[in-house]
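The values are calculated or read from the model by the stated rules, or taken from the named source; none is laboratory data. No experiment lies behind these values; they were computed from the predicted model shown. For neighbour counting, all protein chains shown are included, and Cβ atoms are generated from backbone atoms with ideal geometry for every residue, glycine included.
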Amino acid sequence: MLPVNEKTFSHWLDVMLLTTVIFPFLTILFFRAAKLISNAYMHSPADRVLPLTATMIFYVWTFYFLQQKTEAPLFLRSLVLGAVISIVLDFAINFFYKVSVHTTAAAAMPGNVLVMMSVTGSVSGATLVIAILVALLIGLVRWMLGSHTIGQILLGYSIGFACQIAAWFILR
């Protein structure tokens, strides 16, 4: 892989910010304004179908962009592919059981950091500890808010972490 210049890296981050944060957020606002979902909390499985579908589309496009249109580094492509797989699993499980999508996303970073530690050795153990602590904090907040049960939170962690590991094996 060629060295990455600041402009290229900034371009990747711009695309990722738009397609994985801003577009999904605006889509949820649109669904709410159009009364396609009952509220932004999306407690019912029916309320989660459209937002998860839209998010899948945005994340698949992001992965396609990073994989096919640019020479993005493995950690970035792996992170997004893991997120795509996680969203697909969350979507499928949503019809049978409520999964914490927040903890699914939160567990992605420790999973990706662990992969990069084992592959490159250039990521510190402190980075992994911080990623784990942030993920645990997110789960704790979701539980304290009463948004999820411990089972829903643990399932989210399991999906997010396992999908990051799987994504790395798929891409390597």
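Give the residues of region 116-171 that are buried (at least 19 other Cβ atoms within 10 Å of the Cβ) and outside any helix (DSSP H, G or I), sorted by residue number.
H148 - this is the single residue of region 116-171 that is buried (at least 19 other Cβ atoms within 10 Å of the Cβ) and outside any helix (DSSP H, G or I).
Quick one: which residue in R32, R48 is free of Cβ contacts under 8 Å to residues at least 12 places away in the same chain and surrounded by 16 or more Cβ atoms within 10 Å (Cβ to Cβ)?
Going through R32, R48 in turn, the sole match is R32.
Quick check on V60: is it surrounded by 15 or more Cβ atoms within 10 Å (Cβ to Cβ), in contact (Cβ under 8 Å) with a residue 24 or more places away in the chain and part of a loop (DSSP other than H, G, I, E, B)?
no
Is region 50-65 home to any residue that is over 25 Å from W12 (Cβ atoms) and touching a Ser or Thr at 6+ places or on another chain (Cβ under 9 Å)?
yes
Would you tally the residues in region 17-44 being modelled with pLDDT under 90 and either of a type outside the set (F, W, Y) or in contact with a His (Cβ under 8 Å, 6 or more places away or on another chain) (or both)?
Final tally of qualifying residues: 6.
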